[in-house]
1. Using Cα pairs closer than 8 Å and at least 6 residues apart in sequence, work out the relative contact order for the chain, in percent.
2. Karplus couplings for the range 185-200 from phi (6.51 cos²θ - 1.76 cosθ + 1.60, θ = phi - 60°), rounded to Hz, Gly and Pro as x?
3. Could you state the principal axis extents of the C-alpha atoms in the chain, from the largest down, to the nearest angstrom?
4. Accessible surface of HIS149 in the full protein assembly, 1.4 angstrom probe, to the nearest 10 Å²?
5. Using the Cβ atoms and a cut-off under 12 Å, what net charge is assigned to the surroundings of PRO132, where Lys and Arg are +1 and Asp and Glu are -1?
6. Pick from PHE194, PHE263, PHE359 the residue whose mean-square fluctuation is largest in a GNM of the chain, springs joining Cα atoms under 10 Å.
7. Give the accessible area for VAL54 in Å² (nearest 10); use a 1.4 Å probe, count only protein heavy atoms, and leave out ligands, DNA and RNA.
8. Using R₀ = 35 Å, calculate the FRET efficiency as 1/(1 + (r/R₀)^6) where r is the Cβ-Cβ separation of VAL198 and HIS149; round to 0.05.
Amino acid sequence: MLAPCPCINYPLFKKFGRYFSITLLIKSFFIALIASSFLLFEVLSWHNPYLQAVLALGGFYLIITSKRLFWIGFFIGVIWFWWIALSFRYYNLTWMIPLVIIAIGLVYGIIFKIAEAVGSLLQRAFSWQIHPLINALFLFLASFIHPFHFNWYIPELALLHTPFGVDKLSFGLILLALLLLLSLHSLASLIAAFLLIVALHHSTPQPLAPLKISLVTTHVPQDKKWKAAYRKKIIEDNLQAIRNAITKKYDIVVLPESAFPLFLDHNTPLLLKLLQLSHKIAIVTGALHAERQKIFNSTFVFHKGRFIILDKVVLVPFGEEIPLPKPLAKWMNNLFFDGANDYSAAKTPQTYSIKDVTFTNAICYEATHPLIYHTSTPYIIAISNNAWFVPSYEPLLQNLIIKYYATIYKKVVYHATNIAKTEIIR
């Protein structure tokens, strides 16, 4: 009979074995799955507020009580954000998709691991079970942690279709209630129940703008959008959508991000056509804008024979800018993106008025950033191009994040998209 391999007794092997056991991987995966179950409800277009509340609280509770967080973070990163890798299809880098998915998981695994390490360090220092408190604090602060300027991990999204509020006060009360339940004392349980009642959602949505707004959904695949052979049809389809809105007597027609896949300010015939139509209806559309050798992702607003250009403020990390020091950013652009330059950005969120109603401009990713929601107007017109990430649930996650901020800041977001669900969010 063969003797057992002596290597299993090595301290280093035992140390790493704690992080790669099948039991730990399965347990971590199911915790991440429960904490991300709200995405499944979105995909199915079916919501049960009470079931989702139980799953959300259960997911938070399991994360709070876990002593090993790396794999939970890894699987949450993959489940939430695997679709980011799909954009590499359009740079002839399909081979990178699995590597990017693993990299996303590792980034969030490391973030969760840091929280675990802090809890372990404090537990050794104070000799009492402090890791649940540290894990709860981590969940509370997670929405402020933006790896490479990417801010889409917001644990509170799981509460959006439940009776609970999604603001930080409500979320803090929920986490505190879950911590109290750990004590198993009857008084603590009563206090926890009271906190959960206080955390229930009480606000009412913002009224709609007093204008008829037509939100246009386009259906242009990303691999055709920027090809010259398709440009004439894309332009004609957009113009027809504008004419349809005029026929139906809308006040404003909104087309998606880069609906016109060209430098619109350099296309005089098309500009003149849009200016002519703008005497009958206000037109909000996405296109590129070039100025002083800089390229901008922009919104063009045509109204009463005039137009203005509003440039994007918050750029997409690794999509419109490389969030690294300039030498590294240049190297990455040369290596992966054929030497393309980053987009340029405006400095502050911009607003515009149509028929005495003021709107904040938002383009795709920045509609999911709190900076856009700090303007005084209650109305936001957002335009997006989701073709990069279809088929996936990225558009659903984007709308959830928009709803999260619209709820907190009491805004109405009119969201027009390419290849995704166009809707009014509040």
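1. On the way: 707 pairs, mean separation 56.8, N = 426.
Reported as a whole number, the value is 13 percent.
2. 7, 4, 5, 4, 5, 5, 5, 4, 4, 5, 5, 5, 5, 5, 7, 5
3. 83, 53, 36
4. We get 110 Å² for HIS149.
5. Values: positive: LYS67; negative: GLU116.
Here the count lands on 0.
6. Comparing PHE194, PHE263, PHE359 in a Gaussian network model of the chain, the most mobile one is PHE194.
7. Its accessible surface works out to 100 Å², give or take rounding.
8. Values: r = 34 Å, r/R0 = 0.97.
Efficiency for this residue pair is about 0.55.
The values are calculated or read from the model by the stated rules, or taken from the named source; none is laboratory data. Because the structure is predicted, anything quoted here is derived from the model rather than measured. A quick note on method: Cβ atoms are made from the backbone with ideal geometry, for glycine too, and the neighbour counts reach across all protein chains shown. Ligands, DNA and RNA are stripped out before the accessible areas are found, and what is left, the full protein with its side chains, is counted by its heavy atoms. Shrake-Rupley method; radii C 1.70, N 1.55, O 1.52, S 1.80 Å.
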